[in-house]
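Written out below as structure tokens is the structure these notes cover.
Bear in mind that the values in this text are calculations on the coordinates, not laboratory data. Computed from a predicted model, the values in this text were never measured in an experiment. Note that we place each Cβ from the backbone using ideal geometry, even for glycine, and neighbour counts take in every protein chain shown.
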Amino acid sequence: MAEQSLNGLIALTQTLWRRRSSAGIDELARAVEEFDASDERGEARDALRLALRGRLGGAVEQMRQYMEMLTMMKRMLPSGDDETFIEEVFLEYMRDVERMRDLLRKSEDIQHIIDLMGKLDVEYGANQDRVKSFAPSEAYDLGLSSDFRHVLPVELLKLKVPILRVLFFSQLLEGGLLTYQLRGLNWLDAPEKKRKGPIIALIDASGSMRGHPEMIAKAFILMLAKRMEREGRDIKVILFAASDWKLEINLADKMKVAKSLLDAMCLTFEGGTDFNSALQAGLDAVKGEGWEGADVLFFTDGESKVSEEDLVKEWNDFKRRTRSRIFTLIVNNAKAGGLEKVSDKLWTLPTGTWDVAGSPSNIIKLVARG
């Protein structure tokens, strides 16, 4: 009897599902009640539970992976005060099964990138200049800062709860703790902010960058995007490889920024390297409307050579006229391949560990200061 009721319930459910209508809901409810009454010993329900356990287990695991991916996306992508852009990108990826599968396959790489971003973020703030009073003596207001010595006691309660402890340290790094604001003799006012121009980042996406250099480059892009968003500065990222390939990402388009960055994170670096075409692409970009005088960041492993002296001369002439600057970061290589001829400052970086003074975040800090 219970088996017949279950079969009838399934058939009725399938019929209503095909209709995609609310009509018949009452009929379905009565059928569920009849099934429940006929299954006095619970045998049909146990059989149904066992049949669904395997299928539901897979679905629950998939949803867990999706939620973890959404959480990672929110941690690595700039969103300002509006995370709807990121959620819309996530839903777009979910609609494309193959695309979402590829994204989930890269989850370990993405977590690695997020870890590197965290390291860069800590190093970025390690030596920040702060406005201080010579003799702070009076609490006159409350505000948000990372001044641990003057934090409100209520904030310290977060340290007792594991999940809130993470929030506390995050707010400490971001300057978001509720603290007493002090003043005293010889108080120094905050310096007036200078107007700062846009940023163009030339990122080597060739096959020689595969592995840890690629992860550092991607973390660098995301860290740069987040920091410059706070500065209110437009960014254009140009990924380059061989002379016949480049990918331009204009992060000034706020509606597309999350998708553009996520697509770049999913990109596999491959192909050869050509510094001449990369420098030409950067020169063309910096001459474009709204980008003249931009700071240019060049991130590469140095596995190429600048051979066009006319291009070097054109770059240096342009920089003199516009006060544009080029900062170059060479990863896993001591040679610059001729980029020193156009660079205002050049760093070399091992792919393993580095100290705070040699961190790639320093290049971002230097540009942020203007």
*Violating pairs (Cα-Cα greater than 28 angstrom) within the set 158/196; 259/365; 226/287; 218/335*: 158/196
*Using mean Cβ contacts within 10 Å as the protection proxy, how do 61-68, 106-113 order, highest first?*
106-113, 61-68
_Distant-in-sequence amide H partners of residue 199 (H built 1.01 Å from N, under 5 Å)_ = 234, 235, 236
*Taking the mean number of other Cβ atoms within 10 Å as a proxy for protection, how do you rank 261-270, 216-225 from highest to lowest?*
216-225, 261-270
*Would you grab the residues whose amide H sits under 5 Å from the one on residue 347? Only those 5+ places off in sequence or on another chain, please, with H modelled 1.01 Å from N.*
328, 329, 330
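Please sort 246-257, 299-310, 94-105 by packing, taking for each peptide the average over its residues of neighbouring beta carbons within 10 angstrom, highest first. Present the calculation step by step, with values, prior to reporting the outcome.
Values: 246-257: 16.3, 299-310: 18.4, 94-105: 12.6.
Going from most to least packed, we get 299-310, 246-257, 94-105.
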*Simple spin-label estimate for residue 292 and residue 144 in nanometres, 7 Å along Cα-Cβ*: 3.7 nm
